[in-house]
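The values are calculated or read from the model by the stated rules, or taken from the named source; none is laboratory data. Not measured: the values here are computed from a predicted model. All Cβ positions, even for glycine, are placed from backbone atoms using ideal geometry, and neighbour counts span all protein chains on display. SASA here: full protein model, heavy atoms, side chains in, ligands and nucleic acids out. Shrake-Rupley method; radii C 1.70, N 1.55, O 1.52, S 1.80 Å.
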Amino acid sequence: MKKIVLVAIAVLTFGWANAQEGKFKVGVHAGLPMGDAKDAFSVNLGADVAYMFKINDKFSAGATTGYTTYLGKDYTYSFMGYSVTEKGETAGFIPVAGTAQYSLIDSLFVGADLGYAIKAGGDIDGGFLYQPKFGYQNEKIEVYAAYKGISNNGTISSLNLGVNYKF
């Protein structure tokens, strides 16, 4: 796992050193948990950082990381005539992934992130991360919809909306 983090840091550092060849992006996302995750979690929130190398006029690829958390739902039940509320467990992850983006036209794109989500809090282990995206872009911003899945003996997934600012 340390090797994955070191490779991601190396790629981001190399990208920063060669900034004239690509774009650095910083953003935030919010989403609704899907599938079995919707029973345990109320919302997915996070921040993203990426560096994209321009391969050609339509295609870019790079590395991405950040932090994403699934906030646990509170549960209320009755026990011996008393109302009891238990706070739900929160699950946090640090994604380390490759990212790619293809421009369908100047303002619309499809893309995907593939990598590993490192456990950063809670009882749920990290796992394989995948996130297909579709969105709108211009020179300075991107607005996208994405399906995020983290798989390891089950899947935590969410349907997200995000925005990125490009440098």
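Condition check: without any contact (Cβ under 8 Å) to a residue 60 or more places away in the chain and of a type in the set (D, E, K, R). Does residue 86 satisfy that?
Numbers: without any contact (Cβ under 8 Å) to a residue 60 or more places away in the chain: yes; of a type in the set (D, E, K, R): yes.
Yes; evaluated as a whole, the condition is true for this residue.
Answer yes or no as to whether residue 88 is open to solvent by less than 20 Å² (accessible area, probe 1.4 Å) and not in a strand (DSSP E or B).
Here the answer is yes, as residue 88 does meet what is asked.
Is it fair to say residue 95 is under 13 Å from the mean Cα position of the chain (by Cα) and open to solvent by 60 Å² or more (accessible area, probe 1.4 Å)? If you could, list the steps in order and put the result at the bottom.
Details: under 13 Å from the mean Cα position of the chain (by Cα): yes; open to solvent by 60 Å² or more (accessible area, probe 1.4 Å): no.
For residue 95, the condition - under 13 Å from the mean Cα position of the chain (by Cα) and open to solvent by 60 Å² or more (accessible area, probe 1.4 Å) - is not met.
What single numbered condition from (1) surrounded by fewer than 19 Cβ atoms within 10 Å (Cβ to Cβ); (2) touching a Phe, Trp or Tyr at 6+ places or on another chain (Cβ under 8 Å); (3) over 20 Å from residue 43 (Cβ atoms) fails to hold for residue 161?
(3)
Test residue 130 against the stated conditions and say whether it is within 18 Å of residue 159 (Cα to Cα), buried (at least 16 other Cβ atoms within 10 Å of the Cβ) and either touching a Lys or Arg at 6+ places or on another chain (Cβ under 8 Å) or modelled with pLDDT of 95 or more (or both).
On the way: within 18 Å of residue 159 (Cα to Cα): yes; buried (at least 16 other Cβ atoms within 10 Å of the Cβ): yes; either touching a Lys or Arg at 6+ places or on another chain (Cβ under 8 Å) or modelled with pLDDT of 95 or more (or both): yes.
It is true that residue 130 is within 18 Å of residue 159 (Cα to Cα), buried (at least 16 other Cβ atoms within 10 Å of the Cβ) and either touching a Lys or Arg at 6+ places or on another chain (Cβ under 8 Å) or modelled with pLDDT of 95 or more (or both).
Just one of the numbered conditions (1) under 20 Å from residue 22 (Cβ atoms); (2) among the hydroxyl-bearing types (Ser, Thr, Tyr); (3) exposed (fewer than 12 other Cβ atoms within 10 Å of the Cβ) is not true of residue 78; which one?
(1)
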